[in-house]
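Note sheet for the following structure.
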Amino acid sequence: MRAALVRGGLAAVPLAFFAAFFAYPVAAIVGRGLREGGHWHLGRIGDVLGDGSVRHVLWFTCWQAAASTALTLAVALPAAYVFARLDFPGKRVLRAVVTVPFVLPTVVAGSAFLALLGRGGLTDSLFGVRLDTSVWAILIAHVFFNYAVVVRTVGGLWAQLDPRQEEAARMLGAGRLTAFRRVVLPALAPSVAAAAVMVYLFTFTSFGVVQILGGPTRATLEVEIYRQTAEIFDLPTAAVLTLVQFVAVAAILAVHAWTLRRRESALRLVDAGATGHRPRGGERALLAGVLAVVAVLILLPLGVLAARSFDGPHGYGLDFYRALGSVGDDSTFLVPPVQAVGNSLRYAAVAALIALVIGGLAAAALTRRAGRLMRGFDALLMLPLGTSAVTVGFGFLISLDKPPLDLRDSWLLVPLAQALVGVPFVVRVMLPVLRAVDQRLREAAAVLGASPARVWREIDLPMAARAAGVAAGFAFAVSLGEFGATVFIARPDSPTLPVAVARLLGRAGGTNYGQAMALSTVLMVVCAVCLLILEVPLSSRAATRTPAVPGTPPGDGPAADPAAPRTAPTREEVLR
Amino acid sequence: MTSTIRRRAAGALVLAAAAATVLAGCGSGSGSGGASGKPSKTVTVVSHDSFAASKSVLAQFTKETGYTVKVLRGGDAGAAVNQAILTKDDPRGDVFFGVDNTLLSRALDNGLFDPYTAKGLDQVPADVQLDAAKHRVTPIDTGDVCVNYDRGYFSSHHLAPPQTFADLVKPQYKNLLVTENVSTSSPGLAFLLGTIATYGDQHWQTYWKQLKANGVKVVDSWEQAYDSDFSGSAAGRKAGGDRPLTVSYASSPPAEVVGVNPPPAQSPVGVSTGTCFRQIEFAGLLHGAKNPAGGKAFIDFMLSKTFQQDMPLQMYVDPVVKGAKEPAVFTKYGAKIAHPTTLPPATIADRRDDWVKTWNSLVL
């Protein structure tokens with residue numbers, strides 16, 4: 001009874017957040033489309049669904065998302081293992097770098113991607129194959145953008161799985177594959193499913209990638225909703241399409257919940273710093289393969305961007321960076337890069353904080369599996385990922401305009417919109433870890449007299465600290481690169497990096513283009529550096545903090561030093 | 001033990017309360033411009049993402065009138081107009097700038113603007129005053145969407161660049177043109193409107209069939225066409241663009257030269273002057289504006305020489321006021337379009353949807 005109350009209390013804050021900043025604005029804009037003169041016009045639903053081209057768009061949206069998800073998992077799961085379990089020089093930096101595509105404006109990354117797949121690109125010069133107008137370009141670009149989602153979500157948990165279970169299975173005669181299939185895979189399933197559903201939702205609402213690489217004949221539902229809302233201004237059609245999108249997303253979430261229900265179980269979680277080892281035998285080939293994929297798929301397009309930013313009118317040099325320095329001297333249009341970096345960091349920090357608090361509370365409320373109501377709540381939190389940015393942006397505009405929520409002209413709208421996308425990441429990253437915490441640990445703590453809050457702080461929080469670091473990094477990266485919703489929120493001028501890049505790109509001229517590339521490079525560096533900074537303290541704190549179950553000496557040594565020999569007792573052992 | 005937890009809980013409550021106060025403060029502090037009774041000293045201009053002005057020019061407005069300018073930008077021109085319509089009962093500012101002739105009817109039909117006859121309107125040619133009877137909107141600038149060509153390509157191939165719509169379907173220009181999707185790009189739409197204005201509602205489809213047969217490539221955005229596929233722009237050259245013809249603006253040639261040192265004798269980009277469609281951008285006083293006096297002053301200011309002569313380099317558009325001088329880079333490298341095509345806004349509003357749908361099935 002008391003637990004239910006606590007859970008309800010924890011869920012109340014995220015629920016209120018979603019009601020105010022998601023459900024209400026979206027309902028307002030959908031209502032505006034479907035209600036006219038006080039009557040609902042539900043006949044529009046039939047009209048729109050009867051349209052063959054709409055069905056075609058829906059079909060394409062669904063299958064390309066499914067295919068992109070499968071491909072991303074296939075390419076990124078080995079990398080998740082490599083980043084979770086193998087120690088190699090430069091790992092930390094590389095893990096930050098693979099997340100960079102995630103924050104890049106799709107216009108920028110898309111054009112870099114053309115250098116890989118388009119005319120004169122790598123595939124063209126090596127094999128004479130141009131993929132830039134085929135559906136493969138979309139799928140591969142989706143892998144590029146979502147690689148980090150899998151590496152981080154799955155890798156976060158994988159690093160904490162106790163390798164000795166697998167070793168025990170091997171010892172008992174299981175082959176490498178069998179041990180993986182019977183021991184590791186079931187343990188990983190929830191986080192793989194979580195990563196899959198996030199990649200699916202991201203690619204389902206893909207906008208820029210499909211526009212740039214798919215050519216004009218391919219459109220996702222997102223493109224169509226954007227057109228109907230922002231260009232044609234046919235709100236009824238946009239409303240119906242938004243509802244269709246909800247149904248499609250809800251169906252996916254239902255499948256996700258259904259596959260998960262029996263999979264999640266308590267796991268033996270150990271300190272992530274202690275599970276890594278130097279690659280041996282076949283692992284060296286695996287590592288080499290993963291590094292090769294990263295080099296071609298991620299580093300090459302990023303390198304092309306960076307190279308273009310240095311490729312000035314007088315050969316390679318810093319011309320464009322110098323030009324950036326003079327930007328904004330006498331124009332209201334372009335902002336000095338330092339200011340854009342400052343705006344971006346400020347928004348991203350606030351958004352990440354909101355996402356971490358809201359998502360953390362939600363994850364805490366969802367930790368113990370519960371009835372249908374809580375599962376519905378879980379799904380609700382995911383919906384923003386599958387909702388068009390223009391729907392949210394326009395919804396904000398017409399709904400958050402009256403006291404007590406008169407935020408129309410407030411800068412807070414931007415981080416709020418960004419946090420909507422960040423929260424699902426926080427929940428999906430933290431939940432598998434929290435649910436894997438052995439219930440008996442909590443019970444033991446409770447028996448020893450700890451209150452529920454203390455149990456959470458002393459047992460769950462230290463275990464989840466690493467996941468929280470990963471989640472915070474994601475939420476931060478999401479908002480750093482977020483462009484969709486922010487661009488539809490007319491606001492007093494404080495452009496973020498992606499907005500400033502888009503402004504430069506919107507103008508003709510080599511200098512503008514070069515500056516856009518230079519600013520994109522700045523964005524990449526800022527993102528990588530922030531992720532490095534953001535994760536170091538969180539993961540090292542996770543390594544040094546031990547759960548203060550009475551009787552345990554605090555800060556026991558071995559786990560604090562990732563390089564310490566792994567023969568030292570892990571936290572799990574200390575706890576028991 | 002319990003006391004620390006309580007203290008923390010209390011701390012969290014204080015934090016939450018503080019956050020709520022901040023939220024509420026932001027809510028009440030902004031957007032309530034002139035509600036307090038005394039006339040507001042701020043003019044709020046609502047516009048699209050491309051709105052730009054020199055700080056010194058806006059400072060001069062403040063010096064002349066005592067009003068400071070606040071700019072709200074949101075999305076492209078279409079999105080900005082639609083947002084203004086959605087919020088017309090409680091407008092977010094005093095002046096809207098950036099509704100063009102392709103969107104004008106939508107704005108006027110929705111009663112977005114109050115009539116105002118701007119000072120200096122007598123210096124604006126009659127052919128751009130599309131609401132001359134009621135003065136709900138004031139023309140501010142014009143821009144022409146035209147086919148651009150890569151000078152280097154045509155001189156090295158000893159080929160005369162195309163000058164008219166009819167030229168584009170000739171065999172010597174096969175597979176040379178890249179244009180934009182009319183449903184996602186405003187220059188793409190303007191180019192389609194130019195062909196409709198030229199060939200009429202009867203024959204434009206035939207023209208586009210010929211264009212398609214002649215190998216026109218369609219991409220989704222101007223950025224993609226100009227910066228990636230077009231071989232004439234600096235960015236397109238870097239990206240290995242292989243189309244020497246694209247649909248862009250008459251102001252692209254000077255834009256290619258700005259910032260290039262030393263300035264070249266000619267812009268690498270030329271304009272096919274017989275392929276242009278004129279876009280006219282308007283400003284209007286928003287109905288229900290909190291500071292109508294300030295809004296009117298800003299519209300007057302936008303027709304002043306100071307603002308008009310600042311626009312070309314800020315927004316790459318042409319001034320509408322007679323006698324406003326263009327900067328040297330425009331007169332030296334730009335193209336003067338004597339006879340651009342155009343269509344009445346009401347016709348565009350009526351037929352646009354059908355045209356776009358037909359174009360989609362015909363070309364894509």
Odd one out for B:Tyr149, checked against (1) within 14 Å of chain A (Cβ to nearest Cβ); (2) in a strand (DSSP E or B); (3) open to solvent by less than 10 Å² (accessible area, probe 1.4 Å): (3)
Test: residue in the range A:219-242 that is in a helix (DSSP H, G or I), outside the structural domain of A:Leu380 (by TED's automatic domain parsing), at pLDDT below 80 and of a type in the set (A, V, I, L, M, F, W, C): no
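If you take the residues in the range B:213-231 that are in a helix (DSSP H, G or I) and over 15 Å from B:Ala190 (Cβ atoms), which one is modelled with the highest pLDDT?
B:Ala213
In the range B:323-357, how many are open to solvent by 40 Å² or more (accessible area, probe 1.4 Å) and in a helix (DSSP H, G or I)? Quick ask: steps written out before the conclusion?
Filtering the range B:323-357 down to residues open to solvent by 40 Å² or more (accessible area, probe 1.4 Å) leaves B:323, B:325-326, B:328, B:331-332, B:336, B:338-339, B:342, B:344, B:346-347, B:349-351, B:353-354, B:357.
Among the residues that remain, those that are also in a helix (DSSP H, G or I) are: B:328, B:331-332, B:346-347, B:349-351, B:353-354, B:357.
Going through the range B:323-357 one residue at a time, the tally reaches 11.
For (1) within 14 Å of chain B (Cβ to nearest Cβ); (2) open to solvent by 10 Å² or more (accessible area, probe 1.4 Å); (3) modelled with pLDDT of 85 or more, each residue gets a yes or a no:
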residue	(1), (2), (3)
A:Ser399	yes, no, yes
A:Leu420	no, no, yes
A:Gln439	no, yes, no
A:Leu448	yes, yes, yes
A:Ala465	no, no, no
Positions within the range A:169-211 being crowded, with 21+ Cβ neighbours inside 10 Å and either part of a loop (DSSP other than H, G, I, E, B) or in contact with a strand residue (DSSP E or B) (Cβ under 6 Å, 6 or more places away or on another chain) (or both), in sequence order: A:Ala187, A:Thr205, A:Ser206
Given (1) modelled with pLDDT of 85 or more; (2) under 27 Å from the mean Cα position of the chain (by Cα); (3) small (Gly, Ala, Ser), number of the condition A:Gly156 does not satisfy: (1)
Helices (runs of 4 or more DSSP H) enclosed by the range A:395-508 - at least 1 residues per element that are within 30 Å of B:Trp222 (Cα to Cα), outside the structural domain of A:Ser344 (by TED's automatic domain parsing) and out of contact with any Phe, Trp or Tyr (no Cβ under 9 Å at 6 or more places or on another chain): A:497-505
Within the range B:68-82, tally of residues that are over 18 Å from A:Ser494 (Cβ atoms) and either open to solvent by 10 Å² or more (accessible area, probe 1.4 Å) or facing chain A (nearest Cβ under 7 Å) (or both): 5
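Quick grid of which residues meet (1) of a type outside the set (Val, Ile, Thr); (2) open to solvent by 10 Å² or more (accessible area, probe 1.4 Å); (3) in contact with a helix residue (DSSP H, G or I) (Cβ under 6 Å, 6 or more places away or on another chain):
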| site | (1), (2), (3) |
| --- | --- |
| B:Pro253 | yes, no, yes |
| B:Pro262 | yes, yes, no |
| B:Thr273 | no, yes, no |
| B:Phe282 | yes, no, no |
| B:Ala297 | yes, yes, yes |
| B:Ser304 | yes, yes, no |
Cβ pairs under 7 Å, 6+ apart, first in the range B:40-56 and at the interface with another protein chain (Cβ under 7 Å from one of its Cβ atoms), second among the hydroxyl-bearing types (Ser, Thr, Tyr) and open to solvent by 10 Å² or more (accessible area, probe 1.4 Å): B:Ala52/A:Ser331; B:Ala52/A:Thr332; B:Ala53/A:Thr332; B:Ser54/A:Ser331; B:Lys55/A:Ser331; B:Lys55/A:Thr332
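Quick one: which residue in B:Ser267, B:Ser252 is facing chain A (nearest Cβ under 7 Å) and modelled with pLDDT of 90 or more?
Unique residue meeting the criteria: B:Ser252.
Of all residues in the range A:306-358, which are aliphatic (A, V, I, L, M), surrounded by 15 or more Cβ atoms within 10 Å (Cβ to Cβ) and more than 21 Å from the chain's Cα centre (by Cα)?
A:Ala306, A:Ala307, A:Ala323, A:Leu324, A:Val327, A:Leu334, A:Val335, A:Ala340
The values are calculated or read from the model by the stated rules, or taken from the named source; none is laboratory data. Every value quoted in this text rests on a predicted model; they were computed, and no experiment measured them. Every residue, glycine as well, gets a Cβ built from its backbone with ideal geometry; the counts of neighbours run over all protein chains shown. Accessible surface is based on the protein model in full, side chains and every heavy atom, while ligands, DNA and RNA are left aside. Shrake-Rupley method; radii C 1.70, N 1.55, O 1.52, S 1.80 Å.
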